[in-house]
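Have a look at the structure below before the remarks.
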Amino acid sequence: MNSADPAPHGPLLHAEDVDVVREGRYLLRGISLTIEPGQHWAVLGANGAGKSTLLGLLGAVSHPTRGVVRVLGRQLGRVDIRELRAHLGHVNPRHPLRSPLTVREVVLTGLTNSIELDPRRKPTADQLAHADELITTLGMTRRAEAAWTTLSQGERGRALIARALMPQPRLLLLDEPATGLDLTAREQLLSSLDELREKHPELASVLVTHHLEELPSSTTHALLLREGECVGRGEVAEIVTTELVSACFEHPIRISRADGRWAARADRRSATTAAATAAAAAVAVA
């Protein structure tokens with residue numbers, strides 16, 4: 001077995017007491033996380049909280065300054081991360097394709113992890129069937145022959161998820177997949193993710209966002225980051241709460257959940273109370 005091949009058993013991701021330091025500044029400090037097959041994690045935090053830095057570690061794109069990160073059972077720093085990344089499904093909404101490939105062709109580029117089709121490599125009948133199955137699951141059947149340049153942002157997002165799944169990865173990484181989507185496109189994307197997770201129960205995923213409304217109902221776990229440090233991690237019902245999310249974003253936020261989906265609103269009553277307390281303290285000091 002190649003040293004970069006995934007381990008057949010055990011956690012898909014494991015980070016232990018990880019620090020990332022750049023130019024003397026902590027981007028992540030003391031982060032620990034374990035992700036098992038079938039779990040679907042949300043990483044939440046304000047801009048600059050360290051979400052993208054963490055996703056870079058989990059996606060075998062970068063190395064920690066201190067601590068241990070194992071991706072698919074292989075420790076970063078002891079494995080060729082380029083080969084390891086071939087076993088991950090990474091969805092980048094800023095995919096740099098400019099040519100008019102069709103949706104089916106874009107999905108097939110996932111086989112080679114390339115932007116354009118590899119003319120030296122022709123997909124097999126099984127691979128073509130797999131691509132069509134993914135296109136159907138992501139609700140893109142009617143657009144399978146549409147050119148990339150004609151797709152809406154939401155359609156591109158769903159095509160990229162299908163592309164990431166072509167190599168049949170055990171782990172899917174989603175970096176703010178609903179960025180720039182209107183309401184309808186966002187809901188179509190989240191419904192597709194829920195359906196995908198139901199059809200592939202062993203697949204695990206990590207979705208990074210700072211909007212609770214962008215979490216699919218199939219989310220199982222959450223990690224909250226504030227200024228590079230963990231505010232809370234664990235099962236989503238215990239972590240995505242008014243108290244912890246307010247601490248994460250350093251603002252009083254009221255959390256509600258209906259039909260498996262979350263909503264967040266500023267808690268004006270708490271904000272007013274906090275402002276009055278601060279004003280009273282300032283008067284007392286004066």
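The values are calculated or read from the model by the stated rules, or taken from the named source; none is laboratory data. Remember, predicted model here, so these are calculated numbers, not experimental data. For neighbour counting, all protein chains shown are included, and Cβ atoms are generated from backbone atoms with ideal geometry for every residue, glycine included.
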Among (1) surrounded by 16 or more Cβ atoms within 10 Å (Cβ to Cβ); (2) out of contact with any Gly (no Cβ under 9 Å at 6 or more places or on another chain); (3) not hydrophobic (A, V, I, L, M, F, W, C) - the single one Q188 does not satisfy: (2)
Any hit, the stretch 59-73, residues being assigned to a strand (DSSP E or B) and without any contact (Cβ under 8 Å) to a residue 24 or more places away in the chain: no
Complete set of residues in the stretch 21-50 that are β-branched (V, I, T) and under 19 Å from the mean Cα position of the chain (by Cα): I31, T34, I35, V43
Verdict on V79 being under 16 Å from L171 (Cα atoms), assigned by TED's automatic domain parsing to the domain that holds H211 and in a loop (DSSP other than H, G, I, E, B): no
Members of the stretch 232-259 that are of a type in the set (A, V, I, L, M) and free of Cβ contacts under 8 Å to residues at least 40 places away in the same chain: A237, I239, L244, A247, I253, A258
Matching residues, the stretch 155-193, being at pLDDT below 90 and among the β-branched types (V, I, T): T179
Any chance A49 is touching a residue at least 12 places away in the same chain (Cβ under 8 Å), farther than 23 Å from H211 by Cα and small (G, A, S): no
Tabulated pairs, the stretch 12-34, first of a type in the set (F, W, Y), second not in a loop (DSSP other than H, G, I, E, B), C-beta under 7 angstrom, 6+ apart or interchain: Y26/D19
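Yes or no: L84 more than 30 Å from L128 (Cα to Cα), assigned to a helix (DSSP H, G or I) and in contact (Cβ under 8 Å) with a residue 60 or more places away in the chain?
Judged against the criteria, L84 is not a match.
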Members of the stretch 129-147 found to be assigned to a helix (DSSP H, G or I) and in contact with a helix residue (DSSP H, G or I) (Cβ under 8 Å, 6 or more places away or on another chain), listed by number: A131, D132, L134, I135, T137, T141, R143
Residue list for the stretch 193-227, filter: within 14 Å of P93 (Cβ to Cβ) and either among the β-branched types (V, I, T) or part of a helix (DSSP H, G or I) (or both): L193, V208, T209, E214
Single residue of the stretch 54-78 satisfying the filter (on the phi > 0 side of the Ramachandran plot and under 18 Å from the mean Cα position of the chain (by Cα)) that is modelled with the lowest pLDDT: A60
Identity of the residue in the stretch 154-175, part of a helix (DSSP H, G or I) and free of Cβ contacts under 8 Å to residues at least 40 places away in the same chain, that ends up surrounded by the most Cβ atoms within 10 Å (Cβ to Cβ): R158
Meets criteria (in a loop (DSSP other than H, G, I, E, B), touching a residue at least 12 places away in the same chain (Cβ under 8 Å) and either more than 20 Å from L207 (Cα to Cα) or of a type in the set (K, R) (or both)) for S99: yes
Condition met for P123 (in contact with a Gly (Cβ under 8 Å, 6 or more places away or on another chain) and in a loop (DSSP other than H, G, I, E, B)): no
Residue in the stretch 109-132 that is exposed (fewer than 13 other Cβ atoms within 10 Å of the Cβ), basic (K, R) and touching a residue at least 12 places away in the same chain (Cβ under 8 Å) present: no
Filter result for E243 (part of a helix (DSSP H, G or I), farther than 19 Å from A162 by Cα and under 16 Å from the mean Cα position of the chain (by Cα)): no
